Amino acid sequence: VQLQASGGGLVQAGDSLRLSCAASGTTLSSYAMGWFRQAPGKERTFVAAISSSGGGSYYASSVKGRFTISRDNAKNTVYLQMNSLKPEDTAVYYCAADRSRGILNTTPRSYDYWGQGTQVTVSS
């Protein structure tokens, strides 16, 4: 399973970005998917997760109402729409796949496969 995250960049506070995570070597519809982020010198933290069907999602409180996770299983791709970006959203963003069923995990160790990360920088 290979995950390729893309869509990061340098934006100003208040702007929007959409991250994509494309999979190869597997069918993403078998996995719950998550987005995590890691700022310099800090631990990797949960951002959002979506069920394998797309029918359920869960967000970290810091991004709820601003970020939206979605997926297109036909395209084998998961997205993270980020609106109203803040400087504190600056981090490397990672997508991850979880084989678990019936639960949306928020801890990195629960996920089985990881993408390489894409940098998001929000200037004030």
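Return a yes/no flag: does segment 47-68 have any residue that is in contact with a Lys or Arg (Cβ under 8 Å, 6 or more places away or on another chain), within 22 Å of Thr107 (Cβ to Cβ) and aromatic (Phe, Trp, Tyr).
No; the residues of segment 47-68 include none that is in contact with a Lys or Arg (Cβ under 8 Å, 6 or more places away or on another chain), within 22 Å of Thr107 (Cβ to Cβ) and aromatic (Phe, Trp, Tyr).
Name the residues in segment 63-74 that are at negative phi and either within 13 Å of the chain's Cα centre (by Cα) or without any contact (Cβ under 8 Å) to a residue 24 or more places away in the chain (or both), would you?
Result: Val63, Lys64, Arg66, Phe67, Thr68, Ile69, Ser70, Arg71, Asp72, Ala74.
Which residues, taken from segment 57-74, are open to solvent by 30 Å² or more (accessible area, probe 1.4 Å) and closer than 20 Å to Tyr113 by Cα?
Matches in segment 57-74: Ser57, Tyr58, Tyr59, Ser70, Arg71, Asp72, Asn73, Ala74.
Being open to solvent by 30 Å² or more (accessible area, probe 1.4 Å), at positive phi, under 14 Å from the mean Cα position of the chain (by Cα) and not hydroxyl-bearing (Ser, Thr, Tyr) narrows it down to one residue among Gly41, Gly54; which is it?
Gly54
Here's the yes/no breakdown for (1) assigned to a strand (DSSP E or B); (2) under 20 Å from Ala13 (Cα atoms); (3) in contact with a Gly (Cβ under 6 Å, 6 or more places away or on another chain); (4) at pLDDT 95 or above:
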{"residue": "Ser61", "(1), (2), (3), (4)": "no, yes, no, yes"}
{"residue": "Arg71", "(1), (2), (3), (4)": "yes, no, yes, yes"}
{"residue": "Val78", "(1), (2), (3), (4)": "yes, no, no, yes"}
{"residue": "Tyr93", "(1), (2), (3), (4)": "yes, yes, no, yes"}
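Can you tell me which residues in segment 3-29 are open to solvent by 30 Å² or more (accessible area, probe 1.4 Å) and either modelled with pLDDT under 95 or among the basic types (Lys, Arg) (or both)?
Arg18, Ser24, Gly25, Thr26, Thr27, Ser29
Among (1) in contact (Cβ under 8 Å) with a residue 40 or more places away in the chain; (2) surrounded by fewer than 20 Cβ atoms within 10 Å (Cβ to Cβ), where does Thr118 come up short?
(2)
How many residues are open to solvent by 40 Å² or more (accessible area, probe 1.4 Å), within 25 Å of Ser124 (Cβ to Cβ) and in contact (Cβ under 8 Å) with a residue 60 or more places away in the chain if we restrict to segment 75-112?
Summing the residues that are open to solvent by 40 Å² or more (accessible area, probe 1.4 Å), within 25 Å of Ser124 (Cβ to Cβ) and in contact (Cβ under 8 Å) with a residue 60 or more places away in the chain in segment 75-112 gives 5.
The values are calculated or read from the model by the stated rules, or taken from the named source; none is laboratory data. Fair warning: this is a prediction, and the values are worked out from it, not measured in the lab. Note: ideal-geometry Cβ built from the backbone for every residue, glycine included; neighbour counts use all protein chains shown. We work out accessible area using only protein heavy atoms, side chains counted, and drop any ligands, DNA or RNA first. Shrake-Rupley method; radii C 1.70, N 1.55, O 1.52, S 1.80 Å.
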